1. With a 1.4 Å probe and every protein chain left in place, tell me how much accessible area W87 has, in Å² to the nearest 10.
2. Under 18 Å from a point placed 7 Å out from the Cα of K587 along the Cα-to-Cβ direction: which residues of region 375-393 have their backbone N that close?
3. Over region 190-246, calculate the relative contact order: mean separation of alpha carbon pairs under 8 Å at least 6 apart, over the residue count, as a percent.
4. Beyond 18 Å, how much of the Cα-Cα pair distribution for region 273-429 remains, as a whole percent?
5. List the residues whose amide H sits under 5 Å from the amide H of I442, counting only those 5 or more places along or on another chain, with H placed 1.01 Å from N in the peptide plane.
6. Starting at the first residue of region 606-621, write each ³J(HN,Hα) from the Karplus equation 6.51 cos²θ - 1.76 cosθ + 1.60 with θ = phi - 60°, in whole Hz, x for Gly and Pro.
7. Which aspartates and glutamates does K284 reach when only Cα atoms under 15 Å apart count, and residues fewer than 8 places away in its own chain are ignored?
8. What residues qualify as long-range amide H neighbours of S242, i.e. H under 5 Å apart, gap of 5 or more or another chain, H built at 1.01 Å from N?
Amino acid sequence: MTYSINTKLSDVYKNPVGHDVIHKLLLQMGVSDAMIMKIIGKLTLKGLRRFTKGFTGEGFIEAIIKLLNDAPEAAYLVSDESIRAWWKEAVFYQIYPRSFMDGNGDGVGDLRGVIQKLDYLKTLGVDAIWLCPVYDSPMDDNGYDIRDYHKIAEEFGDMETFDQLLFAVHERGMRLVMDLVVNHTSDEHEWFVHALQNENSPYRDYYFFSHMANPNNWTSFFGGGAWNYYSDADIWALHLFSKKQVDLNWDYGPLRQRIYSMMRWWLRKGVDGFRLDVVNYISKAPNLPNGSEFVGKLMGYTGIEHYFHGPNLHKYLAEMRREVFEPYNAFSVGEAPGAGREISKLMTHPLRGELDMAFCFDVLEPPGKERFSAYVYNPLYLKQYFSDWMRNYADSCQMAIFFNNHDNPRMLSKIDPEGDYRSIVAKMLAMLQLTLKGTPFIYQGDELGAINFPFKSIADMRDVESLNFYRQYCETMPSDEAFAKVLSGSRDHARVPMQWNADQNSGFTEGAPWIVCAHDEYNADNEVKKEDSVFWFYKDLIAIRKHGEALIYGDIEIIKTDPKPVFAYYRSLGEEKWLIVINLSEKEQALPPVDGFELVLCNYGDTERIILLPYEAILYQKIKR
Ligand code: TEU
Ligand code: CA
């Protein structure tokens, strides 16, 4: 189908990219698509433009049409074979090494520290580790600015220590997945340095350079414009993130080959796969056209429609699979900000041969909310969100299930900011994460019920994004307001040190920690000892999940429940059948019928009752006759 100004919105919505764009825009506005599409489905894009001329402005509809025509027709090749794979069965654990464990007392977490804690992870039941970047880097963005892909950052250790870590992980029957940033490099990477030094350098083609000042209106995710000027070379370069993270030009074939051979180098070393940073951004629209101001205002970033699903994205992902993953049987999960359910399907459908899994972020904020606004997260949205993905994604693709990572405040604090139900809500999230259909990704501290840190001042924050935004907000508001706004969304909440014990600096370091450290009674020492702790709840759930196959490969059937705040579903495979009942509200709710099932695990202990307490989450198993 060819899309034009005369295409109806209902047809736009049927296109995978069209679906995700409409869904995202409506989500951002805080309205549900099901309802709206009934009303506006017949409207053509031309009609939409007429109606919304006032605010969608120049270029918006044209950009959408371009995206639609570039998109692969949805290949909804449902495959129900449930191909077995280790990464579908595994429980992943994300380590942010800087904040995990300091092995040498310099205040910064490191590889030696990770090695020390492997047995802890093994005890929890972890199968695979996602290790955030540890490559050589000037650390402008804590390692997401790579200077040398073949070297370990000094503050984290060296290659010998890395090899020891890899060995120690494998020795324990676990796997190691490397975080890898290939959308950009550090401006201190030798490719970029050479490119700047010599205008005839072949490396000029590795990046996006321009002799024109600010060749387009794109903005950076970390504030300000997306172009930086280099006076010595009298040239501008594109950076979607910080100034020190310059975007690579994936349309240049030799660059892609350099990246692939570097990836193979790591695979030959024995790592088990990659988590690919912002991998859906690697293909940019030719000639980097201006972004729509409307999208810019709505999403907070101008230009994003020209690279969140670029024209060659699928081509490059398929190429990467052929050239890198396939020959080594390596695992891949792509971080895909801005992608929704359908784009995710295009990237991860087993019959399309691109990635194994993708991280999409619509779960992190409920409709109409954004990270830097103060709000309380209503977990009822989780029912809507996961029901949709379970019904329309999880049948053919493997969903990555997570609530936290190093880029967001803690979900637990978003739902329960006062901490009235701290361990209850932490366990409720665990229940969802380990019983929904997909692969769970636990972020360090989740298993301890970690919460946001009550930062007192901007001087205690370290993240380049928080610091840039603070400066930017201060231009238009009083500094206390600017700080409050940064505090709502700061990534540093998730980057304060892991809580190991009650010692000074919580057992994280014997030196002075690089960032403020909590003294939390929810620490590993306490939690491992206490039988009803969050830790043990995770541990039990992980063990239960592994015991059979139904919670991994089994079908999921969502039960229609009244009252609405109750989320209930069956997971079943052959004779094995589970029933999960979760109260997503702070009010008591009626318990749906559970005849024929017996209680296995509950976040309020294991006594049978007839009402559901606030945020109660229960796992039942079918009684065998
Ligand atoms: O994050 C990409 C990203 O777009 C967001 O998820 C991120 O939260 C950012 O703050 C957007 O405002 C990845 C990494 O996970 C993040 O740590 C890096 O800073 C970023 O890429 C750049 O490499
Ligand atoms: Ca250290």
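The values are calculated or read from the model by the stated rules, or taken from the named source; none is laboratory data. These figures come from a predicted structure and were not determined experimentally. Every residue, glycine among them, receives a Cβ derived from its backbone with ideal geometry; neighbour counts consider all protein chains shown. Note: accessible area is taken over every heavy atom of the protein model, side chains too, but ligands, DNA and RNA are not part of it. Shrake-Rupley method; radii C 1.70, N 1.55, O 1.52, S 1.80 Å.
1. Rounded to the nearest 10, the figure is 40 Å².
2. 377-384
3. 28
4. Details: 7874 of 12246 pairs.
So the pairs more than 18 Å apart make up 64 percent of the total in region 273-429.
5. Close amide H contacts, sequence-distant or interchain: F92, Y93, Q94.
6. Rounded to whole hertz, the list is 10, 8, 5, 8, 9, 10, 9, 6, x, 6, 5, 9, 10, 10, 10, 10.
7. D70, D205, D247, D251, E305
8. So S242 has HN proximity to no qualifying residue.
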